[in-house]
Amino acid sequence: MSEVKYKYLPKYTYDDYKLWEGKWELINGIPYAMSPSPVFKHQKVSGKIHYQLEQLLLKCKKCQALLPIDWRIAGKDDGNVLQPDNLVICNEVKGDYLTETPVMIFEILSPSTALKDKNIKYEIYETQRVKYYIIADIESKIAEVFELKNEKFAKTIDAKDDVIKFELDSDCIIDFNFSEIWV
């Protein structure tokens, strides 16, 4: 039996997404279930990332760390709503969800999300001009750090026990210590 062509799949919008129960992401009009809930290690690493970002951003006037929140990406089809694991924004949130591009995103790999995080989300984040994209692998305890340069992501380092300087905003430069996130 042949594969179903992408063009024949139903497309959904943000208005559809708002009515769904449970946790979902909407990518190019295609719904992706976000279940089961993240495993213990995933939650611990996410918590450690968030805590460190919160502490580092205390001195920053505009930037703030967030846990998963709907990021509604504007487009002609209104078909992209993502929920990064951890993110930093350096602008004001107007409304119940994000509409502006985050400056930094962390995705924590799990077997069920690795393909999406390394490919689909990578491409979307690059297209949306996220300045820093970090893919944290909890099994290998390595974080791939990508920085947007000339509108393309370039890997800057595979961070394990490294302290990396990130310039989030003209008033906000942080030194993130990767050794403190692993469990």
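A few comments on the model shown:
- Within the stretch 60-72, the residues that satisfy the criterion of being in contact (Cβ under 8 Å) with a residue 40 or more places away in the chain and either open to solvent by less than 10 Å² (accessible area, probe 1.4 Å) or touching a helix residue (DSSP H, G or I) at 6+ places or on another chain (Cβ under 7 Å) (or both) are CYS63, ARG72.
- The residue that is modelled with the lowest pLDDT, counting only those in the stretch 33-59 that are hydroxyl-bearing (Ser, Thr, Tyr) and open to solvent by 70 Å² or more (accessible area, probe 1.4 Å), is SER35.
- Lone unmet requirement of (1) modelled with pLDDT of 95 or more; (2) among the polar types (S, T, N, Q); (3) more than 26 Å from ASP78 (Cα to Cα) for SER110: (1)
- Residue check, ASP78 charged (D, E, K, R), open to solvent by 20 Å² or more (accessible area, probe 1.4 Å) and either closer than 20 Å to GLU25 by Cα or in contact with a strand residue (DSSP E or B) (Cβ under 7 Å, 6 or more places away or on another chain) (or both): yes
- Across the stretch 20-32, the number of residues qualifying as of a type in the set (Gly, Ala, Ser) and either open to solvent by 50 Å² or more (accessible area, probe 1.4 Å) or free of Cβ contacts under 8 Å to residues at least 40 places away in the same chain (or both) comes to 1.
The values are calculated or read from the model by the stated rules, or taken from the named source; none is laboratory data. Nothing here was measured: the structure is a model prediction, and the numbers come from that model. Using ideal geometry, Cβ is built from the backbone for each residue, glycine included, and neighbour counts are taken over all protein chains shown. Calculation scope for accessible area: heavy atoms of the full protein, side chains included, ligands and nucleic acids excluded. Shrake-Rupley method; radii C 1.70, N 1.55, O 1.52, S 1.80 Å.
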